[in-house]
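See below for the structure under consideration.
The values are calculated or read from the model by the stated rules, or taken from the named source; none is laboratory data. Please read these numbers as outputs of a predicted model, since none were measured by experiment. Cβ coordinates were reconstructed from backbone atoms using ideal geometry, including for glycine residues, and neighbour counts include every protein chain displayed. Note: areas computed on protein heavy atoms with side chains; ligands, DNA, RNA excluded. Shrake-Rupley method; radii C 1.70, N 1.55, O 1.52, S 1.80 Å.
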Amino acid sequence: LELGANPYFATWLLRDFTKLDLTLSNYFGSDVSEGSQPVTYKAKGEKRSFTADFKHFNIELGTYPFPDKSFDVVLFCEILEHLQYDPTQPLREINRVLKDDGVLIMTTPNAAEAAKLVAMIEGHSVWDQYSGHGVYGRHSREYSFGEAHRIVEHTGFKVEEAFTADSFPFHHPK
């Protein structure tokens, strides 16, 4: 299960390099329960495309439209920081739909990364500007490494591996 699959970067990598049976989900604010989007990308100089079919639901509100213990892996990537309400609700639902030996893969920005600390010391805001993409179009709250770890454990997961990494070069704010 890939939550928040759009813009489908992980999806096309998983499609191209694994034999996983993918279930995708998104939420764009409407009341439809399913949707699809065409996806086009280049790999090894070759244009490729597929149609991404997805379940459509707000992961913060209510029960996910999947039975208990139905997934081996759940991808929860770059979502935690966009949540508006209680971050434990989606994680509890993920725990419910994961098989007993299932794996949660979660990524989120580190609120205490060096670049943000330097920016704050110099008097710059580190918060995202408001977006034209609705309430989920910006970071509502970022978590430090320790906070994210505690939230995951609090919702019943055993953390097997956790790490921080710089994924973008530091650009000093002007």
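A few notes on this one:
- Among the conditions (1) open to solvent by 30 Å² or more (accessible area, probe 1.4 Å); (2) in a loop (DSSP other than H, G, I, E, B), the only one that Leu117 does not satisfy is (2).
- Residue among Thr51, Thr88, Thr63 that is under 15 Å from Leu1 (Cβ atoms) and of a type outside the set (A, V, I, L, M, F, W, C): Thr63
- Only one entry in Glu161, Glu81 is modelled with pLDDT of 75 or more and either of a type outside the set (D, E, K, R) or open to solvent by 30 Å² or more (accessible area, probe 1.4 Å) (or both), namely Glu161.
- Residues considered: Asp16, Asp53, Asp72. Of these, the only one that is modelled with pLDDT under 95 and not in a loop (DSSP other than H, G, I, E, B) is Asp16.
- When we screen Ser33, Ser70 for residues that are among the polar types (S, T, N, Q) and open to solvent by less than 50 Å² (accessible area, probe 1.4 Å), the only hit is Ser70.
- Filter result for Phe57 (crowded, with 17+ Cβ neighbours inside 10 Å and either under 22 Å from Ala148 (Cα atoms) or polar (S, T, N, Q) (or both)): no
- Qualifying residue in segment 114-124 (condition: out of contact with any Gly (no Cβ under 8 Å at 6 or more places or on another chain), modelled with pLDDT under 85 and closer than 28 Å to Phe71 by Cβ): no
- Qualifying residue in segment 9-21 (condition: under 16 Å from Leu98 (Cβ atoms) and over 15 Å from the mean Cα position of the chain (by Cα)): yes
- Among the residues of segment 91-100, those identified as open to solvent by less than 20 Å² (accessible area, probe 1.4 Å) and touching a strand residue (DSSP E or B) at 6+ places or on another chain (Cβ under 7 Å) are Ile94, Val97, Leu98.
- Residues (of a type in the set (A, V, I, L, M), farther than 25 Å from Gly62 by Cα and open to solvent by less than 80 Å² (accessible area, probe 1.4 Å)) located in segment 14-30: Leu14
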